[in-house]
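The values are calculated or read from the model by the stated rules, or taken from the named source; none is laboratory data. What you are looking at is a predicted structure, and each value in this text was computed from that prediction instead of being measured. Backbone-built Cβ (ideal geometry, glycine too); neighbour counts: all protein chains shown.
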Amino acid sequence: MASFPRFLFRVKDRYIEEEAKKMVEAFGIKDIEIRRDDTIKDAWLEDNVVLKTTYGLDDIREYLEELTGKK
């Protein structure tokens, strides 16, 4: 059976990938997978526990701030 991380962060390009890595590190989230996919517009984050998907880096940052209590 496959094991899935809590978060899947899909990004469009290297710049957004680097921003995603910085964001994840800043929030101290460990159980996350970052994948590059040039078929998407910007970025999206899927939270596998609450089954919520958030789009765009600013939206993702706000979601992670709320989730972790860090601003």
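See the values below:
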{"read-out": "The range 39-65 residues that are more than 20 Å from Gly28 (Cβ to Cβ), paired with ones that are aliphatic (A, V, I, L, M) and part of a helix (DSSP H, G or I) (beta carbon under 7 Å, 6 or more apart)", "value": "Asp42/Ile16; Asp42/Leu57"}
{"read-out": "The lone exception for Asp42 - which of (1) surrounded by 13 or more Cβ atoms within 10 Å (Cβ to Cβ); (2) at pLDDT 95 or above it fails", "value": "(2)"}
{"read-out": "Checklist (1) touching an Asp or Glu at 6+ places or on another chain (Cβ under 7 Å); (2) free of Cβ contacts under 8 Å to residues at least 24 places away in the same chain; (3) part of a loop (DSSP other than H, G, I, E, B) applied to Pro5, failing item", "value": "(2)"}
{"read-out": "Selection status of Glu65, in a helix (DSSP H, G or I), surrounded by fewer than 16 Cβ atoms within 10 Å (Cβ to Cβ) and at pLDDT 95 or above", "value": "no"}
{"read-out": "Complete set of residues in the range 31-47 that are within 11 Å of the chain's Cα centre (by Cα) and of a type outside the set (A, V, I, L, M)", "value": "Asp31, Glu33, Arg35, Trp44, Glu46, Asp47"}
